[in-house]
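In what follows, a structure is listed as structure tokens, so that the remarks can point back to it.
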């Protein structure tokens, strides 16, 4: 098992499948955890609910977070992540269909490390995901590795 971990938070089954398959097909060596709504994401990160007992000292190398989620929005998840010392420094990349300037501003003001719009074109989407995983897993120095 890799020591690196990616948390993908996505409620759309097609987008989720495309994201996970693209990461796997491009040779990502990190373990991929999935949450399908905002509440599941926080339960995973903080070891609550069905994730009770999970080693919360092992946090993701980065989180791919959709903005529009059921139960708790991506922005609410982001704010909770930033407010908790356990996850405050985990990189969060918003991966969303929105291109609204107000959404981009709100994400960065709430502590997002990146904002990536999901392209409609499959090839463009896979290129963006490949670049994201390469940067956050191979190029970026994380706190844990420092």
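The values are calculated or read from the model by the stated rules, or taken from the named source; none is laboratory data. Keep in mind it's a predicted model, so treat the numbers as computed, not measured. Reconstructed Cβ throughout: ideal geometry from the backbone, glycine too, with neighbour counts over all protein chains shown.
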> Here are some conditions: (1) out of contact with any helix residue (DSSP H, G or I) (no Cβ under 7 Å at 6 or more places or on another chain); (2) farther than 19 Å from residue 140 by Cα; (3) surrounded by 21 or more Cβ atoms within 10 Å (Cβ to Cβ). Residue 105 meets all but one. Which one does it not meet?
Replying inline: (3)
> Picking from 75, 45, which residue would you name as being under 24 Å from residue 14 (Cβ atoms), out of contact with any strand residue (DSSP E or B) (no Cβ under 6 Å at 6 or more places or on another chain) and buried (at least 16 other Cβ atoms within 10 Å of the Cβ)?
Replying inline: 75
> Can you name every residue in segment 76-90 that is touching a helix residue (DSSP H, G or I) at 6+ places or on another chain (Cβ under 6 Å) and touching a residue at least 40 places away in the same chain (Cβ under 8 Å)?
Replying inline: 77, 87
> Do the conditions hold for residue 7, that is, is it at pLDDT 95 or above and either more than 23 Å from residue 139 (Cβ to Cβ) or surrounded by 14 or more Cβ atoms within 10 Å (Cβ to Cβ) (or both)?
Replying inline: yes
> Quick one: is residue 54 on the phi < 0 side of the Ramachandran plot and modelled with pLDDT of 95 or more?
Replying inline: no
> residue 127 versus (1) in contact (Cβ under 8 Å) with a residue 12 or more places away in the chain; (2) assigned to a helix (DSSP H, G or I): which is the lone unmet condition?
Replying inline: (1)
> Among 98, 110, 61, which is the only one that is farther than 23 Å from residue 137 by Cα and either touching a helix residue (DSSP H, G or I) at 6+ places or on another chain (Cβ under 9 Å) or at pLDDT 95 or above (or both)?
Replying inline: 98
>> Being in contact with a helix residue (DSSP H, G or I) (Cβ under 8 Å, 6 or more places away or on another chain), over 19 Å from residue 18 (Cα atoms) and without any contact (Cβ under 8 Å) to a residue 40 or more places away in the chain is true for just one of 53, 49. Which residue is that?
In response: 49
